[in-house]
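Novice: Have a look at the structure that comes next, please.
Derivation of every value follows stated rules applied to the coordinates shown; laboratory data play no part. The shown structure was predicted, so the numbers you read here are calculated from the model rather than taken from an experiment. Using ideal geometry, Cβ is built from the backbone for each residue, glycine included, and neighbour counts are taken over all protein chains shown.
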Amino acid sequence: GIQVEQSPPDLILQEGANSTLRCNFSDSVNNLQWFHQNPWGQLINLFYIPSGTKQNGRLSATTVATERYSLLYISSSQTTDSGVYFCAVEQYGGATNKLIFGTGTLLAVQP
Amino acid sequence: NAGVTQTPKFRVLKTGQSMTLLCAQDMNHEYMYWYRQDPGMGLRLIHYSVGEGTTAKGEVPDGYNVSRLKKQNFLLGLESAAPSQTSVYFCASSDSSWQPQHFGDGTRLSIL
């Protein structure tokens, strides 16, 4: 099956710094989503982005489907950005929104 | 605006006991999913449903059963709990195939 790899596995930032998280996938996809799991365990959908670029406030994401990767940018990081960021995909041809998750990037933003 | 609600939030079981986890969504979504999350890992799909009365297996279905008798509810059952099923269980829903998934707050389940 499709493999999803995220990097880096861990990241420590000072408040105000910028960061880029990467998601590589091993096969074509028609569905890619980014999630944030906060320190209380809640999962929030950040982006549905099978291709192209989207922005939401200080966060933006870009997926280059032909090269099988996606990037999540966090600008001017805040302590509330701390948590785990997951990338999840559905292999091309699927139509049930069944997601395969990466193992995540653990982000700690220090004041 | 409740979204996806999971019941209970915490539960401790003894090996061999049975229980049912309830997921309810008020967004009129067609698709619903059950995942489990183990330490240091991403989420793995247990079962899913693409509409009322339908269910299908995900990546790790063994030891679990599901039912979707009503569109808004998706039940996950453990017939005979095992310590390997100790995990955090998440329910999610989406409007259709290519739409964002929205998650409940999770159920932390411990099997002794």
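Novice: Can you list residues from other chains, or at least 5 along the same chain, whose modelled amide H is less than 5 Å from the amide H of A:TYR92?
Specialist: It is A:SER28, A:VAL29, A:ASN30, by chain and number.
Novice: Please compute the modelled spin-label separation between B:ARG108 and A:TRP40, points set 7 Å along Cα→Cβ, answer in nm with one decimal.
Specialist: Here the modelled spin labels are 1.3 nm apart.
Novice: Give me the percent relative contact order of chain A, please, defined on Cα pairs under 8 angstrom at least 6 residues apart.
Specialist: Dividing the mean separation by the residue count of chain A yields 37 percent.
Novice: Still on this model: Based on the mean of other Cβ atoms within 10 Å per residue, sort peptides A:61-69, A:77-85 so the most packed one is first.
Specialist: Packing order, densest peptide first, comes out as A:77-85, A:61-69.
Novice: Where nothing but the Cβ of Lys and Arg (+1) and of Asp and Glu (-1) is charged, how large is the charge dipole of the range A:4-110 around its Cα centre, in debye to the nearest 20?
Specialist: 180
Novice: Which length gain, in nm to one decimal place, applies between B:MET27 and B:ASP95 when the Cα-Cα distance is subtracted from 0.36 nm times their residue separation?
Specialist: 23.7 nm
Novice: So who's got an amide H within less than 5 Å of the one on B:HIS47, skipping anything under 5 residues away but keeping other chains? H placed 1.01 Å off N, in plane.
Specialist: B:TRP34, B:GLY58
Novice: Once the dipole of the range B:11-111 is set up with Lys and Arg at +1 and Asp and Glu at -1 on Cβ about the Cα centre, which of B:ASN73, B:TYR89, B:SER49 lies farthest towards its positive end?
Specialist: Value: B:TYR89.
Novice: Can you compute the FRET efficiency between B:ASP38 and B:GLN17 using 1/(1 + (r/R0)^6), with r the Cβ-Cβ distance and R0 = 22 Å? Round to the nearest 0.05.
Specialist: 0.60
Novice: Does anything in the range B:11-39 have its amide N under 11 Å from the 7 Å Cα→Cβ label point of B:THR54, and if so which residues?
Specialist: B:30-32
Novice: For the range B:72-87, take each phi angle, set θ = phi - 60°, evaluate the Karplus expression 6.51 cos²θ - 1.76 cosθ + 1.60, and give the result in whole Hz per residue in order, putting x for glycine and proline.
Specialist: Once rounded to whole Hz, the list reads 7, 10, 9, 9, 10, x, 10, 6, 9, 4, 10, x, 5, 8, 4, 5.
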